[in-house]
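What follows is one structure encoded as structure tokens, with my remarks underneath.
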Amino acid sequence: MSFLKYFMFPSARRRYERRERRHAFRDAENAKQDVIDRQKRLEKESKENWNKAREALKNGEKAAANRALTAARAAQVLAMKLEQKRWVFEQYLTKMEVAQSDNQFAEALGQINKIIRIDPEHVEDVFGAAQDMLGEQVDADRFWSKMYENEMEGANGALQDHIPSMEEMSAELEQQVAADIGGAAAPAAAGTAIDERIAAGQQRVKDLLEGK
């Protein structure tokens with residue numbers, strides 16, 4: 001269908017291209033929402049496996065508890081990786097949304113050119129100077145991009161560093177089970193400590209992505 005647009009009248013082709021752009025950006029937003037939904041499912045899966053590990057340990061089933069605990073942590077790692085990918089996708093989507101304004105500006109200028117008189121040489125000089133400055137800005141942007149890449153290098157591999165280790169999670173699990181069995185004699189914070197650690201890890205990854 002896309003090749004047929006070259007045989008359309010200009011006005012019909014512009015309408016077709018605008019419709020294609022709307023569809024493309026709508027698909028991008030849907031893809032982003034799919035990732036968000038997937039993150040939520042992973043969070044739910046992690047909590048379910050945590051509870052399974054807790055019950056298994058209470059029943060003295062250490063092997064089953066360890067398997068469930070491993071699954072809980074794996075879900076957290078995947079959720080954080082998705083968070084990073086979603087953030088990168090959103091940055092590019094924003095850039096593409098900004099880029100489409102070029103065509104809008106060009107169309108607007110084209111309409112203006114029809115109704116006012118313009119000195120082509122003057123316009124060429126002004127835009128020529130602007131292009132020179134923009135060229136310098138491109139070099140500056142390239143430098144900032146390189147610095148960003150250097151700062152983010154290895155961030156994907158370091159995601160797991162922001163999630164409690166298996167040893168830490170196992171210790172927290174044992175505390176929670178002790179709290180269940182011992183009642184008031186166990187530490188009151190045992191039930192929320194692991195959630196706080198995981199939440200802190202997630203926030204740390206978001207801060208890294210956002211350059212905080």
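Since every read-out is calculated from the coordinates, none of them should be taken as a lab result. All values reported here derive from a predicted model rather than from experimental measurement. Here Cβ is always computed from backbone atoms with ideal geometry, including for glycine, and neighbour counts include all displayed protein chains.
Pairs from the list K44/K95; K40/K62; K47/K85; K95/K146; K62/K85; K47/K81 with a Cα-Cα gap above 26 Å: K44/K95; K40/K62; K62/K85. Peptide packing for 47-57, 166-176 was compared via the average number of neighbouring C-beta atoms within 10 Å per residue; ordered from the highest value, the list is 47-57, 166-176.
In this simple spin-label model, placing a label point 7 Å from the Cα along the Cα-to-Cβ direction at both E167 and D27 gives a separation of 4.9 nm. For the range 108-114, 3J(HN,Hα) computed residue by residue from phi via the Karplus equation (6.51, -1.76, 1.60; θ = phi - 60°) reads 5, 5, x, 5, 5, 4, 6 Hz, glycine and proline entered as x.
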